[in-house]
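Below: the structure, in structure tokens.
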Amino acid sequence: MTRGRPKFGKDYLGKEFQKYSFHLERPFVAYLIGGGAMAFRGLKNATKDVDFLVENAVDAAALVKTLEETGYRGRKVLAPDYEQMLASAVLENDDGFRVDLFTRKVCNALELTPSMKARAKERLVYPPNLEIRLVANEDLVLFKGITDRQGDLDDMEIIIRQVRLN
């Protein structure tokens, strides 16, 4: 259940990502985990938010600055199930679209490893400055498995069924 929050498809996401690219001051790589990655793979029609994972605090600060320049504002109050994820930043635009940003770790439990980065072969490139790497399905399952949200359990089932079909 979405608790009344709107959902956004990959066309909307792509337009937002292109907007970020023009505001970034340098070439930038972010890893997309969660429902956003699933949407780009056709495993979901839409998502409530995107979850970006970046490698360090410098990249996190650069992305927060870019998001603020493109109309996003920091969220002050989060639902308890989102607070437990320990995001570095959570920002939302006027459309109700939210970006959850993690620096190296999600839920203070699962870290972006060199192996995960190597498996993130699918790339979305938004010139001039943004490259988004989709984490592999097996890593999506790991990230979703560290929460206890029903929606993440449902997403894990979708991913696992897709892997079985291929």
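Brief remarks on what is shown
- Within a straight-line Cα-Cα reach of under 22 Å, residue 19 can be paired with the following lysines, leaving aside sequence neighbours fewer than 8 residues apart in one chain: 7, 10, 48, 65.
- Rounded to 5, the percent of DSSP beta bridges in segment 10-165 classed as antiparallel: 60 percent
- Rounded FRET efficiency, nearest 0.05, which uses the C-beta distance separating residue 5 from residue 56 and R0 of 41 Å: 0.85
- Zero-based 5 Å bins, Cα pair distances in the chain, whole percents: 1, 9, 19, 24, 23, 16, 7, 2, 0
- For segment 10-165, the relative contact order is 27 percent, taking Cα pairs closer than 8 Å that sit 6 or more residues apart in sequence and dividing their mean separation by the residue count.
- Neighbourhood charge, 9 Å Cβ-Cβ cut-off, centred on residue 97 and excluding it, Lys, Arg +1 and Asp, Glu -1: -3
- Trypsin sites (Lys or Arg not before Pro) restricted to segment 1-51 and DSSP loop, no more than 10 other C-beta within 10 Å: 3
- A cut-off of 5 Å between modelled amide H atoms, ignoring neighbours fewer than 5 places along the same chain, links residue 70 with no other residue.
Values in this text are rule-based calculations from the coordinates and carry no lab data. Treat the numbers as computed from the prediction; the structure is a model and nothing was measured. Every residue, glycine as well, gets a Cβ built from its backbone with ideal geometry; the counts of neighbours run over all protein chains shown.
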